[in-house]
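Peer 1: First the structure, which I've put down as structure tokens, then a few questions once you've had a look.
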Amino acid sequence: MAQNTQNILQRSLRKEPTEKQLARGKHSALYKNEGWVGYLFMLPTLIFVAVFVVYPVLASLYITLYNWVGVGTPTQFVGLRHYLRVAQDPWFWNAFKNTILYTLILVPIQLSLSFVMAMILNNPRLRLRTFYRTIYFLPVVTSVTIVAVVLRLMLGNFGIQISQMLGIDPPVDPIGDPRFALLTVVAFGIWQTFGYNMVCFLAALQTVPAELYEAAKIDGANSLQVALHITLPIIRPMATVILFLALLGSMNVFEQSFVLTGGGPFFASEVVGGYIYSYAFGGVGRTPNVGYASAASVFMNILILGITLAQWFFTRNLNDSKPRAKAQ
Amino acid sequence: MLHKRISKLILVLALFSIAVGVRTPAQAQDVTLVFWNYFVTQAPALDKAIAAFEKANPGIKIKSVVTETSQYLNALNLAYQSDGAPDFFWTPDQSKLSLQQMVTSGWVLPISDFPDFAEFMKPYPEGALEPNKNVIDGKTYGVPFGGGSIAGPFLQFFVHKGIYKEAGLVNADGSYKLPTTWAEVAANSKVIKEKTGKFGLGFGSNAMWQFPWLCQLSGGYSSDGQAGRDPKTGKFTFSTNPCYKSLIQSLVTMRDDKLVLPNVMSIDDENARVRFGNGEFAHLLNGTWIVNGWEKTNPNFKQEDWTSVSLPLIVGDKQTSKFYLSGIGGSDFFINANTKQKDAAWKFFKFLNTPEVATIWAETNNGVLRFAPGDPTKFAKDDASKLLLASAGDVILGPSPSTRNPDTAKVQVTLQGPGEIDIITGAFTGQIKDIDAALADLDKRLEDAFVQGLSDAQAAGAKVTREDFVFADWDPLKPYVTVPAAK
């Protein structure tokens, strides 16, 4: 790519504050009192987090050590046994496998679609682009439960006919056939959440300076080159965050599976969220044990933490290796 | 001028009244009781009863709050924890939360503390109050609603007469060839498929819990919320009782022969009932409560279009067991121990147990209560209600571990993996191939979970042993009165 495009790109990526900005900051009242003022601003959030996040997490850790139906005070101490049982339960690992499959199928499709749609809808020459953005974002603000209930009714009554209309031979029952139930949940998940990521990508795309595109155009770059060499490098930090959030959101999937298929048939689409729920609140023929469910929840969080750390190391190494490769 | 001044004065007074909330004496006495329940098909009867109560007690209003059944216990629990519990509530599933636990948690008010309690109890039959179901430590917390239902098997096997007629399943005298065994159900379904192209069986995926009940008359046991445990030995018998395997195998064969509605795994119970009414399939296993629903969903589906029979026998042609109750009816509703309207709640409690309410309940086809005056059969308007009353002999008192020893409620059986309902589902969908192995594994897991639950309860101080669950002298075909263990 030509030198002028590269220079502008480098300046855009650095985003260092100017001397003027630094001087203005040092003389402000807030800067002088930044210690206590900062904490004061943080206080409401800290209280909120302490009450609604830290306390429930600690309480949940405590409950994992007991058998408890959820009413009254836990009295049957069982130590760490619930953790061992969760780790040894093949049905937990079945739910975990389904959660991972859900994530592995959903995230790449969802992010690719969101990115492509964001690129299309970021085009200022596209007519009615606000309308399209609203339409694609609509599923995000719609209640998952209500949509899943409606979808369940639709697919329950007409699923086989719909698959016939789509030319699937032999026709399938999208939520009643164990081979397709999870895929249907994935498709619903993509439809329901892709608008959110599309908006995030749109926000990221709008941080790309227009002059870069103009410079690239002057240099004769085609659309693919512009996307690969200008758009993607600039939005990469934000894209990494979007990827992290999409992965975490997918690993915590619950309503889509619970309402649409109930995790069935016979656990074919049960995800870890549903597994935890069934033990916490008891299903048909199952007595609730909040202690066991909490242990499953903590265990899952540890697994997610491990996966997130692995992903973080991977992403960091990927980012670090690029400048070194260039230097060589 | 004077007219203007008077108008201004009236306006000022009106505004003042609004601002300070002036009340009439009658309004000042009004109390509103919040009543939680999970009744949907029974709602018209309950509304009628509430209206009658409010008419008889002008100062008391009842606000009925209906919560979805599966979330009822969770909602109630959260309400208690957030100090927002209702004044009055219908009991949650007591196999998941016993009366003992509700009392220990300070949820429920002892009604025996009210001065007219003895007078209130006079109409109740002998044995209406059971230890641990109604009475804890000498205090009474609940009574069976309306004296308790005149019990019959609430699950029945519904048959679509129109399809039977179309398939020629009619005897020479015009009566229908109704099934009494599951083998006959399968045979009739085949004929139906051949003659009409319609399906023999349909159900909703969330109604799979009904299938194990088919074994209830063939040596299956369910008492105190724990299915599959033989009270004579205290052991789990899903793999040793031939009924479960036969039932599962038959369902799989019917599926393979295309005798079952194809999308049963993706429709729910309500949907299946409507489709049965629409004439899409001939047999539906369900509860007597579904009849009321057809009035709304299938208004053209009348009594002459369907009938119901007792649950078909899975193994052989003779009953080897019955349906078991642990008592006349347990406790159906409770007063919140923390309500500020104790007296009003007690008035409502007493009213719900009057012949007036029992009559409303029976007339609206919700079951005949003992307090309904006159001949109970006069309330039976349809085949399902008639069968319910006619087969009352199929429901008898059975052994009850929690009546014998309340500490048995502290034994928490946390079953890991699929239960019997899941196994029936898994086999039906083809996900389970080896039914024997799946049932044997279920028995083993239940046994392990039970032993662990027993050990945990003992470690936490509960005075409970395995013997509390064993009733060696029990005869499955005779009523059994559980005697509370001496303390």
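Peer 1: Mind listing the long-range amide H neighbours of B:Thr288? Cut-off is under 5 Å, sequence gap 5 or more, other chains count too, H placed in the peptide plane at 1.01 Å from N.
Peer 2: For B:Thr288, whose amide H was placed from the backbone, the distant partners under 5 Å are B:Gln156.
Peer 1: Just from its helices, what would the mean residue ellipticity at 222 nm be for chain B, if runs of 4 or more DSSP H residues each count -39500 (n - 2.57) and the sum is divided by every residue, rounded to the nearest 500 deg cm²/dmol? Numbers along the way, then the final one.
Peer 2: Working: 17 runs with 179 residues, N = 487.
After summing the helix terms and dividing by the residues of chain B, the value is -11000 deg cm²/dmol.
Peer 1: So what is the orientation-averaged projected area of segment B:151-262, using the convex hull of its C-alpha atoms, in nm²? Intermediate results must be reported in sequence, preceding the final value.
Peer 2: Details: hull surface 34.9 nm².
Answer in nm², one decimal: 8.7.
Peer 1: If you count only protein heavy atoms and use a 1.4 Å probe, how large is the accessible surface of A:Leu303, to the nearest 10 Å²?
Peer 2: 40
Peer 1: May I ask for the equivalent-ellipsoid semi-axes of chain B, computed as the square root of five times each C-alpha gyration tensor eigenvalue and listed largest first in whole Å?
Peer 2: Details: eigenvalues 388, 195, 92 Å².
Calculated on Cα positions only, the semi-axes equal 44, 31, 21 Å.
Peer 1: What FRET efficiency comes out for the pair A:Arg127/A:Asn252, r = Cβ-Cβ distance, R0 = 35 Å, nearest 0.05? Numbers along the way, then the final one.
Peer 2: On the way: r = 38 Å, r/R0 = 1.08.
The calculated FRET efficiency here is 0.40.
Peer 1: Here is a follow-up. Give me the three principal axis extents of segment B:420-469 from the C-alpha atoms, as integers in angstrom, largest value leading.
Peer 2: Computed over segment B:420-469, the largest-to-smallest principal extents equal 45, 15, 14 Å.
Peer 1: May I ask for the percentage of alpha-carbon pairs in segment B:271-328 that lie more than 19 Å from each other? Intermediate results must be reported in sequence, preceding the final value.
Peer 2: Values: 712 of 1653 pairs.
The calculated P(r) of segment B:271-328 puts 43 percent of pairs beyond 19 Å.
Peer 1: Provide the per-residue ³J(HN,Hα) series for segment B:185-194, in order, calculated from phi with Karplus coefficients 6.51, -1.76, 1.60 and θ = phi - 60°, each as a whole number of Hz, with x at glycine and proline positions.
Peer 2: 4, 5, 5, 4, 5, 4, 4, 4, 4, 5
Peer 1: On to the next question. Among B:Phe349, B:Leu285, A:Gly35, flag the residue with its Cα farthest along the positive direction of the charge dipole of the protein assembly as shown, charges on Cβ as +1 for Lys/Arg and -1 for Asp/Glu.
Peer 2: About the Cα centre, the residue reaching furthest to the positive side is A:Gly35.
Peer 1: Which length gain, in nm to one decimal place, applies between B:Lys378 and B:Lys63 when the Cα-Cα distance is subtracted from 0.36 nm times their residue separation? Please report the intermediate quantities before stating the final value.
Peer 2: Details: separation 315, 0.36 × 315 = 113.40 nm, distance 3.16 nm.
110.2 nm is the gain from fully extending B:Lys378 to B:Lys63.
Peer 1: While we're on this one: How many Å² of accessible area per residue for segment A:162-252, probe 1.4 Å?
Peer 2: 50
Peer 1: Kindly give Rg over Rh for segment B:280-410, based on alpha-carbon atoms, with the Kirkwood expression for the hydrodynamic radius. Please report the intermediate quantities before stating the final value.
Peer 2: Details: Rg = 18.8 Å, Rh = 18.2 Å.
Dividing the radius of gyration by the Kirkwood radius yields 1.03.
Peer 1: Compute the convex hull volume of the Cα atoms of segment B:354-430, divide it by the residue count, and report the result per residue in Å³ as a whole number.
Peer 2: Once divided by residue count, the hull of segment B:354-430 is 190 Å³.
Peer 1: Can you give me the % of accessible surface on chain A that is carbon or sulfur? Probe 1.4 Å, all protein chains present, nothing else counted.
Peer 2: Working: 12830 of 18750 Å².
So the carbon and sulfur contribution to the accessible surface is 68 percent.
Peer 1: Starting at the first residue of segment B:70-82, write each ³J(HN,Hα) from the Karplus equation 6.51 cos²θ - 1.76 cosθ + 1.60 with θ = phi - 60°, in whole Hz, x for Gly and Pro.
Peer 2: Going residue by residue, I get 5, 9, 4, 4, 4, 5, 5, 4, 5, 4, 5, 5, 9 Hz, with x marking Gly and Pro.
Peer 1: Can you find, among A:Val86, A:Leu153, A:Ile135, the residue sitting farthest towards the positive end of the charge dipole of segment A:42-159, where Lys and Arg contribute +1 and Asp and Glu -1 at Cβ?
Peer 2: A:Ile135
Peer 1: Right, next: Give me the distance in nm between label points sitting 7 Å out from Cα along the Cα-to-Cβ direction at A:Trp191 and B:Thr32, one decimal.
Peer 2: It is 4.0 nm.
Peer 1: Also, quick follow-up: Working out 0.36 nm times the residue gap between A:Leu84 and A:Phe244, then minus their Cα-Cα distance, what length gain in nm do you get to one decimal? Mind dumping the intermediate values first?
Peer 2: Details: separation 160, 0.36 × 160 = 57.60 nm, distance 2.89 nm.
Roughly 54.7 nm would be gained on extension.
Peer 1: Name the residues whose placed amide hydrogens come within less than 5 Å of the amide hydrogen of A:Tyr66, ignoring near sequence neighbours (fewer than 5 apart) on the same chain.
Peer 2: A:Val78
Peer 1: Whole number in Å², please: accessible area per residue of segment B:286-383, 1.4 Å probe, ligands, DNA and RNA not counted. Let's see the in-between values first.
Peer 2: Working: 4230 Å² over 98 residues.
Value for segment B:286-383: 43 Å² per residue.
Peer 1: In Å², what does the accessible area per residue of segment A:24-146 work out to with a 1.4 Å probe? Could the numbers behind the result be given before it?
Peer 2: Values: 8070 Å² over 123 residues.
I get 66 Å² per residue for segment A:24-146.
Peer 1: Residue by residue through segment A:132-138, which ³J(HN,Hα) values in whole Hz follow from phi under the Karplus form 6.51 cos²θ - 1.76 cosθ + 1.60 (θ = phi - 60°), with glycine and proline marked x?
Peer 2: 5, 4, 4, 4, 6, 7, 3
Peer 1: Can you list which of the GluC sites (Glu not before Pro) found in segment B:47-126 are DSSP loop residues with at most 12 other C-beta atoms within 10 Å?
Peer 2: Loop-located and lightly packed - B:Glu68, B:Glu126.
Peer 1: Quantify how much of the Cα-Cα distance distribution of segment B:78-225 extends past 27 Å, in percent.
Peer 2: Result: 51 percent of Cα pairs exceed 27 Å.
Peer 1: Mind grabbing the accessible area of B:Lys63 for me, 1.4 Å probe, Å², rounded to tens?
Peer 2: 120
Peer 1: State to the nearest 20 debye the size of the charge dipole of chain A about its Cα centre, where the only charges are +1 on K and R beta carbons and -1 on D and E beta carbons. Before the final figure, lay out each step's value.
Peer 2: Numbers: 23 positive and 13 negative charges, 193 e Å.
In total the dipole reaches around 920 debye.
Peer 1: Estimate the FRET efficiency between B:Glu295 and A:Val140 by the formula 1/(1 + (r/R0)^6), using the beta-carbon distance for r and 41 Å for R0, to the nearest 0.05. Write down the numbers at each step before the final one.
Peer 2: Values: r = 40 Å, r/R0 = 0.98.
Result of the calculation: an efficiency of 0.50.
Peer 1: Oh, and also: Once every Cα of chain A carries one equal point scatterer and solvent is ignored, give the base-10 log of I(q)/I(0) from the Debye formula at q = 0.08 Å⁻¹, two decimals.
Peer 2: Scattering profile of chain A, log10 relative to I(0): -0.56.
Peer 1: Also, quick follow-up: Which chymotrypsin sites (Phe, Trp or Tyr not before Pro) from segment A:61-140 combine a DSSP loop assignment with at most 13 other Cβ atoms within 10 Å?
Peer 2: Details: sites: A:Tyr62, A:Tyr66, A:Trp68, A:Phe77, A:Tyr83, A:Trp91, A:Phe92, A:Trp93, A:Phe96, A:Tyr102, A:Phe115, A:Phe131, A:Tyr132, A:Tyr136, A:Phe137; in loops: A:Trp68.
Loop-located and lightly packed - none at all.
Peer 1: To the nearest 500 deg cm²/dmol, what mean residue ellipticity at 222 nm is calculated for chain A from DSSP H runs of n ≥ 4 alone, each contributing -39,500 (n - 2.57), summed and divided by the residues?
Peer 2: Values: 16 runs with 236 residues, N = 328.
Rounded to the nearest 500, it is -23500 deg cm²/dmol.
Peer 1: Let me see the P(r) profile for the protein assembly as shown: every Cα-Cα distance counted, bins of 20 Å, each bin given as a percent of all pairs.
Peer 2: Once binned at 20 Å, the Cα pair distances of the protein assembly as shown give 12, 38, 31, 15, 3, 0.
Peer 1: Given H placed 1.01 Å from N in the peptide plane, which residues other than close sequence neighbours of B:Ser64 have an amide H under 5 Å from its amide H?
Peer 2: B:Phe35
Peer 1: Give the B-A buried accessible area in Å², both sides summed, 1.4 Å probe, nearest 100. Could the numbers behind the result be given before it?
Peer 2: On the way: alone 23160 and 20320 Å², together 40290 Å².
Interface between B and A: roughly 3200 Å².
Peer 1: So if a site counts as exposed when it's one of the trypsin sites (Lys or Arg not before Pro), its DSSP state isn't H, G, I, E or B, and it has at most 15 other Cβ atoms within 10 Å, what's the longest stretch of chain A without one? Provide the component values of the computation, followed by the final result.
Peer 2: On the way: sites that count: A:Lys15, A:Arg125, A:Arg127, A:Arg179.
Segment A:180-328 is the longest.
Peer 1: In the calculated pair distance distribution of segment B:333-473, what percentage of Cα-Cα distances lie above 26 Å?
Peer 2: Details: 5989 of 9870 pairs.
Across segment B:333-473, Cα pairs with separations above 26 Å total 61 percent.
Peer 1: Next question, about the same structure. How much space per residue, in cubic angstrom, does the convex hull of the C-alpha atoms of segment B:24-84 take up? Don't jump to the answer; show the numbers that get you there.
Peer 2: Working: hull volume 5.0 nm³, N = 61.
Dividing the Cα hull volume of segment B:24-84 by its residue count gives 81 Å³.
Peer 1: Right, another one. Subtracting the Cα-Cα distance from 0.36 nm times the residue separation, let me have the gained length for B:Ala392 to B:Lys122 in nm, one decimal.
Peer 2: Separation in residues times 0.36 nm, less the Cα-Cα distance, equals 94.7 nm.
Peer 1: Using a simple charge model, +1 on the beta-carbon of Lys and Arg, -1 on the beta-carbon of Asp and Glu, nothing else, what dipole does segment A:172-328 show about its Cα centre, in debye to the nearest 20?
Peer 2: Working: 8 positive and 8 negative charges, 91 e Å.
Computed charge dipole of segment A:172-328: roughly 440 debye.
Peer 1: At a 1.4 Å probe radius, carbon and sulfur cover how many percent of the accessible area of chain B? Please list the in-between numbers first.
Peer 2: Details: 12140 of 21550 Å².
Carbon-and-sulfur percentage of accessible area, whole number: 56.
Peer 1: What are the semi-axes of the equivalent ellipsoid for segment A:140-244, taken as the square roots of 5 times the Cα gyration tensor eigenvalues, largest first, in whole Å?
Peer 2: On the way: eigenvalues 331, 59, 24 Å².
Whole-Å semi-axes of the equivalent ellipsoid: 41, 17, 11.
The values are calculated or read from the model by the stated rules, or taken from the named source; none is laboratory data. Please read these numbers as outputs of a predicted model, since none were measured by experiment. Cβ atoms come from the backbone with ideal geometry, glycine included; neighbour counts cover every protein chain shown. We work out accessible area using only protein heavy atoms, side chains counted, and drop any ligands, DNA or RNA first. Shrake-Rupley method; radii C 1.70, N 1.55, O 1.52, S 1.80 Å.
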